[in-house]
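Read-outs throughout are calculated quantities, based only on the coordinates presented, and are distinct from any laboratory measurement. Please read all numbers here as calculations on a predicted model, not as lab measurements. Using ideal geometry, Cβ is built from the backbone for each residue, glycine included, and neighbour counts are taken over all protein chains shown.
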Amino acid sequence: MAKKKAKKAVKKVKKTVKKACLAGRQAKEIVKKAKEPVKKAVKAVKGKNVKADKGPKSVYLSLGSNVGDREEYIEQAVFLLGKTKGIEIIKRSSNYEAQADGGPSQAAFMNAAIAIKTQILPHKLLEIIQETEEVLGREREVEWGPRPIDIDILFYGDQVVSDEKLQIPHPLLHERIFVLKPLGEIAPHVMHPVLEKDVEALYEERKAEVGDKYDDELPGFRDIKSGYADDYERW
């Protein structure tokens with residue numbers, strides 16, 4: 001009898017141990033599964049599990065000048081950007097003349113817009129743009145003052161960037177008809193990723209707000225020259 005009881009006791013103990021082991025394995029699996037999202041999140045933060053979007057982006061820039069030979073400054077800016085490694089100029093608008101909007105009293109601006117393809121990240125692109133402005137004599141002594149060249153990033157694909165150094169889309173884009181007009185010539189149906197309206201709609205809205213000041217037919221807002229076919233090599 002004692003032996004039978006002992007055997008039963010041993011079996012019971014074995015069953016208990018087996019259940020405990022099984023429960024332990026299950027517990028480990030549960031913990032492991034629970035840790036997976038955390039591991040993935042950590043990898044993503046470290047950039048180890050993020051597939052970089054290496055495709056080129058459609059980027060739109062505005063160019064303006066109201067010092068010296070305004071057309072020449074714009075053409076030189078387009079030329080220098082087009083010669084920069086990693087930047088391909090796709091389209092170029094006509095030049096448009098418009099009165100300065102904001103800042104001290106100053107001469108009228110010549111404005112244009114270009115479309116580029118690039119894989120250069122937004123902040124690095126901003127550095128390249130600022131270097132190009134400096135090469136062409138841009139000085140930042142007076143806010144919104146006269147300048148030989150002013151280059152702004154309007155859109156960078158459908159990305160939204162907002163920090164102390166850079167804001168994309170350009171925060172004043174929808175208010176500046178002298179920017180919307182040339183941009184609309186080359187990209188009328190590009191959507192503003194925040195306002196969810198295309199460039200053509202933004203232009204028409206703004207034009208209705210400002211009235212005759214920027215009527216297309218007025219000499220103060222005129223088409224000067226067009227075409228990406230211009231021979232940039234002459235510079």
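Could you work out how far apart the two model spin labels at Glu164 and Val194 are, taking each label as a point 7 Å from the Cα in the direction of the beta carbon, and quote it in nm?
Going by the 7 Å Cα→Cβ label model, 1.9 nm.
Past 20 Å, Cα to Cα, is the threshold; run Lys85/Lys124; Lys91/Lys165; Lys83/Lys117 against it and keep the listed order. Could the numbers behind the result be given before it?
Numbers: Lys85/Lys124 12 Å; Lys91/Lys165 27 Å; Lys83/Lys117 13 Å.
Where the Cα-Cα span goes over 20 Å, the pairs concerned are Lys91/Lys165.
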